[in-house]
Amino acid sequence: MKAGGQAIGCLAWSSAPRHLKLRDRYIGWSDEARQRNVHLLAYNTRFLILPWVRVDHLASHILGRMAQRVPQDWQRLYAHPIYWLETFVDTERFRGTCYRAANWQVIGTTAGRGYRAPTFKQTRSAKQMLGLPLDRNFREILQRLRCNLCGEVFTAQEPNGVGPEKYDETTAAMIALLKYGSGMPFYRPGGSLT
């Protein structure tokens, strides 16, 4: 980043990590939807404002502008949109105030194990994860199953005979047959075991 021809900072973006428990739980997508749609997310890997630059609210201003700029650049470079930005903040060193001031949401705190840690114990400092939805319907969009080549969204048609009710009268009979077939005790309405 430059201002008046002089470097003032640096921002770096990359594709998002494939598996992040905090993010995946927050978005609520299935494993298959995550595999097909993780390319629709961008990850802020670095954000630096040079130490001699002193401008109030500059960091949050830059993040706000980047939220508008990155999706345009991503579409131009990779020929597909993005719907979610994410990053991590090392809370032992930083507070992440500029992200929150730019409307990023705190998603949670990592376990502090790092990628492919050989142990379940904390091996490094825990990080705070922040995310920024770029579309009001980001969850719905990211939960869809789509073709990675053509972008066509897969939709399953409802089977014939499916009505607005979640369960119909045949459900009780089906559950009874499943219990009977799996060897579970089958209680008859009279209270006797079969």
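In this structure, is Q128 of a type outside the set (A, V, I, L, M), surrounded by fewer than 16 Cβ atoms within 10 Å (Cβ to Cβ) and either modelled with pLDDT of 90 or more or not in a helix (DSSP H, G or I) (or both)?
no
Taking the condition of being assigned to a loop (DSSP other than H, G, I, E, B) and surrounded by 13 or more Cβ atoms within 10 Å (Cβ to Cβ), how many residues in the range 50-79 meet it?
1
Could you check the range 4-52 and list, in sequence order, the residues that are over 22 Å from Q128 (Cα atoms), without any contact (Cβ under 8 Å) to a residue 24 or more places away in the chain and not charged (D, E, K, R)?
Listed by number, the residues that qualify are G4, G5, Q6, Q35, P51, W52.
Go through the range 24-49 and give me each residue that's of a type in the set (D, E, K, R), assigned to a helix (DSSP H, G or I) and more than 11 Å from the chain's Cα centre (by Cα).
The answer is D31, E32, R36.
Take the residues in the range 1-14 that are surrounded by 14 or more Cβ atoms within 10 Å (Cβ to Cβ) and at pLDDT 90 or above; name whichever of them is farthest from I82 (Cα to Cα).
Restricting to residues being surrounded by 14 or more Cβ atoms within 10 Å (Cβ to Cβ) and at pLDDT 90 or above, the top hit is I8.
Cβ contacts < 9 Å: first residue within 15 Å of S125 (Cα to Cα) and not assigned by TED's automatic domain parsing to the domain that holds Q128, restricted to the range 71-97; second residue surrounded by 11 or more Cβ atoms within 10 Å (Cβ to Cβ) and at pLDDT below 90, any location; separation 6+ or different chain. Result?
Qualifying pairs under 9 Å: none.
Just to verify a result, which residue in the range 80-97, among those that are polar (S, T, N, Q) and not in a loop (DSSP other than H, G, I, E, B), is nearest to N137 (Cα to Cα)?
T87
The values are calculated or read from the model by the stated rules, or taken from the named source; none is laboratory data. Everything numeric in this text was worked out from a predicted model, so none of it was measured. Glycine also receives a Cβ, built like all others from the backbone with ideal geometry; neighbour counts cover every protein chain displayed.
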